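Asker: Before I ask anything, here is the structure I am working with.
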Amino acid sequence: MTQRILLDYKGRKVKGYRIRVCSDFPAHIDKIWNKIQDIETLCYIANPWAQFDLVGNIPEQWREGDKYIFQVQMHGIIPIGKHTIHVMEMNRAKSEIYTNEYDGMVKIWNHRIIMEDKGE
């Protein structure tokens, strides 16, 4: 579902879109939580459309409050610049992760990942 909204960008109101994507994974929520914290999972999911190479030290897992800068290439060969991911919240009790992201082409690219246990 796509919804047109107004966003705040550096004190200005800009037009943007809110997109909702849902996926079902046949695994226990704890296993999914552990995998999604792993930075390598982003690289795996994005491949082959985009290749994310972390600039600087490579921690194993995302940490709340930290910013990560990636050099991004489309299809592993076309450089498209740097993409910044700022992990705003990692809430295990609610099974949610929220990030503020941006790059040279997309000024506001925020993600809210919400996991729910669907049971067996």
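The values are calculated or read from the model by the stated rules, or taken from the named source; none is laboratory data. Keep in mind that what you see is a predicted model, and the values were worked out from it rather than measured. Methodologically, a virtual Cβ is constructed for each residue, glycine included, from the backbone with ideal geometry; neighbour enumeration extends over all protein chains shown. Accessible surface is based on the protein model in full, side chains and every heavy atom, while ligands, DNA and RNA are left aside. Shrake-Rupley method; radii C 1.70, N 1.55, O 1.52, S 1.80 Å.
Asker: Could you tell me the relative contact order of the chain? Use alpha-carbon pairs under 8 Å, at least six residues apart, and round to a whole percent.
Answerer: For the chain, the relative contact order is 16 percent.
Asker: How much accessible surface area, in Å² rounded to 10, belongs to the heavy atoms of residue 6 with a 1.4 Å probe?
Answerer: The accessible area comes out at roughly 120 Å².
Asker: What residues from the stretch 53-70 fall in the zone where the backbone N is under 19 Å from a label point 7 Å along the Cα-to-C-beta line of residue 82?
Answerer: From the stretch 53-70, the list is 53-59, 63, 65-70.
Asker: Right, another one. At 222 nm, what helix-only mean residue ellipticity would the chain give, in deg cm²/dmol to the nearest 500, using -39500 (n - 2.57) for each DSSP H run of four or more?
Answerer: Helix contribution divided over all residues of the chain: -3500 deg cm²/dmol.
Asker: Taking a probe of 1.4 Å, how large is the accessible area per residue of the chain, in Å²?
Answerer: 76 Å²
Asker: Using a 1.4 angstrom probe on the protein heavy atoms only, line up 111, 28 by accessible area, largest first.
Answerer: So the residues, ranked largest to smallest area, are 28, 111.
Asker: Can you pull out the chymotrypsin sites (Phe, Trp or Tyr not before Pro) in the stretch 1-97 whose DSSP state is coil and whose Cβ has at most 15 other Cβ atoms within 10 Å?
Answerer: For chymotrypsin sites (Phe, Trp or Tyr not before Pro) across the stretch 1-97 that sit outside H, G, I, E and B with at most 15 neighbouring Cβ atoms in 10 Å, the list reads 49.
Asker: Spin-label point model (7 Å from Cα, Cβ direction): what's the residue 17 to residue 44 distance in nm?
Answerer: 2.9 nm
Asker: In addition: Among the trypsin sites (Lys or Arg not before Pro) within the stretch 4-64, which fall in a DSSP loop and have no more than 14 other Cβ atoms within 10 Å of their own Cβ?
Answerer: 10, 20, 63
Asker: Once you have a ≥ b ≥ c as the square roots of the Cα gyration tensor eigenvalues for the stretch 1-54, tell me rounded if a/c is under 1.5, and otherwise prolate or oblate according to whether a/b is larger than b/c.
Answerer: Prolate is the answer for the stretch 1-54, as a/c is 1.5 or above and a/b outweighs b/c.
Asker: If you average 1/r over all unlike Cα pairs in the chain and invert the result, what Kirkwood radius do you get in angstrom?
Answerer: Here the Kirkwood hydrodynamic radius works out to 15.8 Å.
Asker: Here is a follow-up. Straight distance only, please: which lysines reach the Cα of residue 107 with their own Cα at less than 20 Å, same-chain residues fewer than 8 apart left out?
Answerer: Cross-link targets: 10, 13, 15, 67, 82.
Asker: Roughly how many percent of the accessible protein surface of the chain is carbon and sulfur, given a 1.4 Å probe and a whole-percent answer?
Answerer: Working: 4930 of 9130 Å².
Summing carbon and sulfur atoms, their accessible area is 54 percent of the total for the chain.
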